[in-house]
């Protein structure tokens, strides 16, 4: 059946009687793609490293369901990054356990006890990886660990493995979009781990076309796309000032409120030329809040003509109610400031000139990230790719977006007063 397309499977389903169709609707062996079937052999962990939308959650839920219904699993651990994730994704989600199980074998869910109980007595209990001590003491014969690359505490995984000791053959499925985590790399290399890799495109038949078009248009060709869409396990660049983990730690759950921001600047690192082979012009919007923290608000960089990058910078200045535009003038000199002022003659522009190497200028900004003082108000894949790949070594590509980021945060670190217009707006 694995060679049939989803359309062919649905056609078969439509030709069956209601009773036959109801049974086949919950037959995972009929619907699953080849990579969604559990691997043969002697393994302890089935690690599914795959892009978003691959079907990882459904695969994990169906694996648990099969073992629970057959009675081969008696005590099951369901572990997610947070308690809410365990409930909303693994249990109650569209691809979670309650949705996958047929009405005649659906487990009873007791949210207050974090427990699912199947008609045959099999019990699954949910846990939060944010509280590793929850996993001290309980014992299991089966486990499903979801999005383990997002777990903040390696101890949660260690405690889960120490508790996976019941029965003759305790096993765990771990489903996750890959992120550079040292302990995840060690797990993938373990001889008792079987790894399945896959990408978003493999499940295109079950995804909304608009979803695939939008994410490919935004991220295709970036390192983030290789990780989040293609499911590649990207390693860190040796000597880079920013690790992927450091960047992920800076990701904010929500953008800042305008009233929280004391200063906002737009930084421009202009390219000398604007042909197909030119560098991009870096244009990054950043802010400092009233508590002394920093925010990266937007990256609108691109390969643009002088008039277009100037208009884009002025537009960002207006939209974010910024205080100033910071622009590097090493290449172009006074013409850079003049280009901006042809768009808005009243634009407050602060010209800066690089007197030190890129790495020396970037190191204090990387230190702000290490101190946890910088937050990203969203995902900026192209900018973050430059950050994660920047070593400052001879021969490195010119990091235009990163240069703009460094200029913005450097200016915000200095003692400039907010513009009067900003004080009025607040």
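Bear in mind that the values in this text are calculations on the coordinates, not laboratory data. This one's a predicted model, so the numbers in the text were calculated from it and none came from an experiment. In this analysis, Cβ positions are derived from the backbone assuming ideal geometry, glycine residues included, and neighbour counts consider all displayed protein chains.
For a test of the definition: using alpha carbon positions, the gyration tensor, and the 1.5 limit on a/c, classify the range 244-425 as rounded, prolate or oblate. Oblate. Spin-label model, residue 166/residue 11: points 7 Å from Cα along the beta carbon direction are separated by 4.6 nm. By the count of neighbouring beta-carbon atoms within 10 Å, fewest first, 265, 374, 45, 284 end up ordered 45, 374, 265, 284. Computed per residue of the chain from DSSP H runs no shorter than four, each worth -39500 (n - 2.57), the mean residue ellipticity at 222 nm is -10000 deg cm²/dmol.
Put simply, the range 116-273 fits an ellipsoid with semi-axes of 36, 21, 18 Å; these come from the alpha carbon gyration tensor as the roots of five times its eigenvalues, largest first. Taking the DSSP beta bridges with both ends in the chain, the antiparallel portion is around 35 percent. According to the Kirkwood relation over distinct C-alpha pairs, the hydrodynamic radius of the chain is 24.3 Å.
Shown is the FRET efficiency for residue 341 and residue 130, computed with R0 = 56 Å from the Cβ-Cβ distance and rounded to the nearest 0.05: 0.65. One chain, two ends: residue 110 and residue 379. Fully extended at 0.36 nm per residue, the span grows by 93.2 nm beyond their Cα-Cα distance.
Normalising the average separation of contacting C-alpha pairs (under 8 angstrom, six or more residues apart) by the number of residues puts the relative contact order of the range 244-425 at 31 percent.
For the chain, modelled as a GNM whose springs connect Cα atoms under 10 angstrom apart, the maximal fluctuation among 35, 56, 191 occurs at 191. Contact order, relative form, for the range 32-227: 31 percent (alpha carbon pairs under 8 Å, 6 or more residues apart, mean separation divided by residue count). Between helix 334-343 and the chain there is an angle of about 70 degrees, using the helix long axis and the longest principal axis of the Cα atoms.
The modelled label-to-label distance between residue 319 and residue 117, using points 7 Å beyond Cα along the C-beta direction, is 5.4 nm.
Relative contact order of the chain: 15 percent, from C-alpha pairs under 8 Å at least 6 residues apart in sequence.
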